[in-house]
Amino acid sequence: MRDSSRERRRTGVLALNEDGEQDEGSATIMASVSGLTNTIIGAGMLALPHAYAKMGWLLGTVLLLLCAAVTNFGLYLVKLSEQRLNYRAQSFYDLTTRAMPSAVWCFDATIFIKCFGVAVSYLVICGHLLPQVVSSFAMVLFDDTVQISKLLLSKTMWVMAALAMVSPACFYRKLYQMRAIGYLNIAAVLYLLVIMLYYFMSNNARSSLSPPGEISAVLVSKDLLTSLPIMLFAYTCAQNILPVYYELQDSTVERCTTVTVVSVGSSAMVYVFVALIGYATFGANVGDNIIAMYPASSLFVCIGKLSVIALTLSSFPMQLYPCRASLINLLEYNRVVTPSSVSEEQSLQQDIDQIDPVQHHELDDRRWCVITIALMGAALLVSLLTDDLSVVLGIVGSLGSTTISFILPAILYCRIFEDEANSNMRSSAFFLGLCGGLLLVLALSVNISKLVYGA
């Protein structure tokens, strides 16, 4: 029985031990799902009802689910590429080093810029929301805001406090160590869903809301182009997918697919629920932040705003993790093994499956902490100097998210499977990359237009 238990732990089979507890393989799947879902779901979902108002509930739902399916396909391509190389990659750096070394730094720089920008946006959101929560609680408890000190309404103080609260999780070396904040994320989302459902179903509660606007099934206009990036970036998680695969016990294609399908699928269900209920409640009059549409004088809603802040804060370490990994790669803490002669190059080609082209140097605690503190300090500084990052982050997201989620998986698969030029899977990967390139141009053009001409 002891040997059988050891074998189940080695293979990661979903089973129960003699005490009726789940084996480690099941636990790692749960932790992986929690971590990946936490990477996907963020404060950006608050704008989904507004996106529905620009395209209609039917077209919006179709596009939202289509984005989920395409995201799953891109993650599947990444796993197939890793399997073809017979190599467990810890990051895109590892994978691109083996498949296309000349593009390594380009992709790492893209991941760094994208994840750093999103992390900064989370601090900005907290800096804006926390003073509002204080004012809301004052309205509930004291019927006015006169008794609130200026310090409690200071953006600087709350941004620093928010960063201090989440800082312990920022120093974790493994994604699975963040599973606790992943569960906090899920609890925050569930509370938000309860608020939305209550105000949608209760006639008394709906009477306290602003009158709803017109509801349409399909809308096609230029506003569709400005709302599409909201859905396009909603599922961005590929920057963390290889660390998730690497930490998953017995990382087979089937087990990895289970993690991605459950994570992306559950995120899609949450997105559809938030978008449909929010749009059905407020119609065309819905704002770009659904939680702000509910009464500020309600303690029920105040706690909901706190849950949104918790959701945002729990997402910060998930963005800092790949940001730090890419920075470490750019600083050359991982060294690429390159041939020094023609004979050595031939030897490397012959033994490519046995040789790891990347030598991973485990950073000591001092260097790890210095890099983490530097990134946190830079994010804090930028967030304090910026009041509105919407356009800048839109441009960063247009470049980063499409590259990470669509273009990079497609390029890697086509490069690694170049000997299968006529296969349907490779053609599908090529089409995904082509669509990603078009979406990049489209989303970037829309955001540049907003920067130049305004809303």
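Summary table
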read-out: Residues within segment 266-306 that are in contact (Cβ under 8 Å) with a residue 12 or more places away in the chain, open to solvent by 10 Å² or more (accessible area, probe 1.4 Å) and under 18 Å from the mean Cα position of the chain (by Cα), tallied; value: 3
read-out: Matching residues, segment 53-66, being surrounded by 22 or more Cβ atoms within 10 Å (Cβ to Cβ) and in contact with a Phe, Trp or Tyr (Cβ under 7 Å, 6 or more places away or on another chain); value: Ala53, Gly60, Leu64
read-out: Residue list for segment 306-343, restricted to those being modelled with pLDDT of 85 or more and among the charged types (D, E, K, R); value: Arg324
read-out: Which listed residue is of a type in the set (Ser, Thr, Tyr), in a loop (DSSP other than H, G, I, E, B) and within 25 Å of Asn185 (Cβ to Cβ), from Tyr279, Tyr235, Tyr271, Tyr246; value: Tyr235
read-out: Helices (runs of 4 or more DSSP H) enclosed by segment 64-178 - at least 2 residues per element that are at pLDDT 85 or above; value: 104-142, 155-170
read-out: Candidates Ser221, Ser251, Ser210, Ser227, filtered to the one that is in a loop (DSSP other than H, G, I, E, B), within 27 Å of Asn185 (Cα to Cα) and either under 14 Å from the mean Cα position of the chain (by Cα) or of a type in the set (Ser, Thr, Tyr) (or both); value: Ser251
read-out: Pairs where the first residue, in segment 215-232, is farther than 13 Å from Leu442 by Cα and the second is of a type in the set (Val, Ile, Thr), C-beta under 7 Å, 6+ apart; value: none
read-out: Residues within segment 195-205 that are under 12 Å from Val301 (Cα atoms) and open to solvent by 80 Å² or more (accessible area, probe 1.4 Å), tallied; value: 1
read-out: Matching option when the condition is hydrophobic (A, V, I, L, M, F, W, C), touching a helix residue (DSSP H, G or I) at 6+ places or on another chain (Cβ under 9 Å) and within 28 Å of Ser428 (Cβ to Cβ), among Phe137, Phe112, Phe73, Phe116; value: Phe73
read-out: Candidates Ser216, Ser263, Ser208, Ser227 - the one that is closer than 23 Å to Phe316 by Cα, among the polar types (S, T, N, Q) and either open to solvent by less than 10 Å² (accessible area, probe 1.4 Å) or modelled with pLDDT of 85 or more (or both); value: Ser263
read-out: Subset of segment 67-101 [of a type in the set (Lys, Arg) and surrounded by fewer than 21 Cβ atoms within 10 Å (Cβ to Cβ)]; value: Arg84, Arg88
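The values are calculated or read from the model by the stated rules, or taken from the named source; none is laboratory data. Note that the structure is predicted; figures quoted are calculated from it, not measured. Cβ sites come from the backbone with ideal geometry, for glycine too, and all protein chains shown count toward neighbours. With ligands, DNA and RNA removed, areas are computed over all heavy atoms of the protein, side chains included. Shrake-Rupley method; radii C 1.70, N 1.55, O 1.52, S 1.80 Å.
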